[in-house]
1. Per residue, what accessible area does the stretch 32-132 have, given a 1.4 Å probe and all protein chains present, in Å²?
2. Under a 5 Å amide H to amide H cut-off, with H placed in plane at 1.01 Å, what residues pair with Val79 once short-range neighbours are removed?
3. Please work out how much accessible surface Thr21 shows to a 1.4 Å probe, ignoring ligands, DNA and RNA, in Å² rounded to 10.
4. Quick check: pseudo-label points 7 Å beyond the Cα along Cα→Cβ at Asp120 and Asp53, how many nm apart are they?
5. Can you give me the % of accessible surface on the stretch 43-104 that is carbon or sulfur? Probe 1.4 Å, all protein chains present, nothing else counted.
6. How much accessible surface area, in Å² rounded to 10, belongs to the heavy atoms of Met52 with a 1.4 Å probe?
7. Need the full-extension length gain, Ser95 to Ile24, defined as separation in residues times 0.36 nm minus the C-alpha distance. One decimal, nm.
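The values are calculated or read from the model by the stated rules, or taken from the named source; none is laboratory data. Every value quoted in this text rests on a predicted model; they were computed, and no experiment measured them. Here Cβ is always computed from backbone atoms with ideal geometry, including for glycine, and neighbour counts include all displayed protein chains. Note: accessible area is taken over every heavy atom of the protein model, side chains too, but ligands, DNA and RNA are not part of it. Shrake-Rupley method; radii C 1.70, N 1.55, O 1.52, S 1.80 Å.
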Amino acid sequence: DELIMGNGLSGAAQPIVDARTRRIIAYEFLGRANHPTLPKSPLELFSLAEAMDRAVDLSVAFREFGFRKMAPRIAEQSVFINTHPKEIFSPVFISSLEAIRHRFPNLDIVVEIHESAVVDIARMLEFTRQLATLGIRFAFDDFGAALGQFEVGFVFAFAAGVAADVDVGVWVFRQDLG
């Protein structure tokens, strides 16, 4: 509970660099723990949180920490934020994004969506419309790590359809689409 309430949280703003120009084009907020009795690794922390059915709460705590501590320092860059697959379609998540947008109206925010959330196309379309309304883009996180070739093609087709249907930025690698 201490960590989820913000005690013992730490984090990093990992630069995302354009390989051609070597310029920083964005940052990704990464949550960490700085608590004496808990592991530092986010994977271990999320494993513990899952066991207590608190993974979404931990994700929210990390995101809030990132915006509170790091966003004011990098206001000129895009910010990628992680999500837990269980929170993507939650009204609470959309409300938290609305609050973040209100606090940082000019910040370019990109929500990273884990590939496991893409299985419900109708909900994804609605979610991307909600993001577009908030002026928030999305990217697929760990894209293709657990998908077969057919599913990857399906997700790319979905991404192209969303981009055509909704005015949002879809950050996916398209050079291999032929």
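1. Value for the stretch 32-132: 51 Å² per residue.
2. Tyr27, Asp108, Ile109, Val110
3. Using a 1.4 Å probe on the heavy atoms, I get roughly 80 Å².
4. 1.8
5. Working: 1900 of 3260 Å².
C and S fraction of accessible area: 58 percent.
6. Solvent-accessible area, nearest 10 Å²: 130 Å².
7. Numbers: separation 71, 0.36 × 71 = 25.56 nm, distance 2.95 nm.
Here the segment from Ser95 to Ile24 would lengthen by 22.6 nm.
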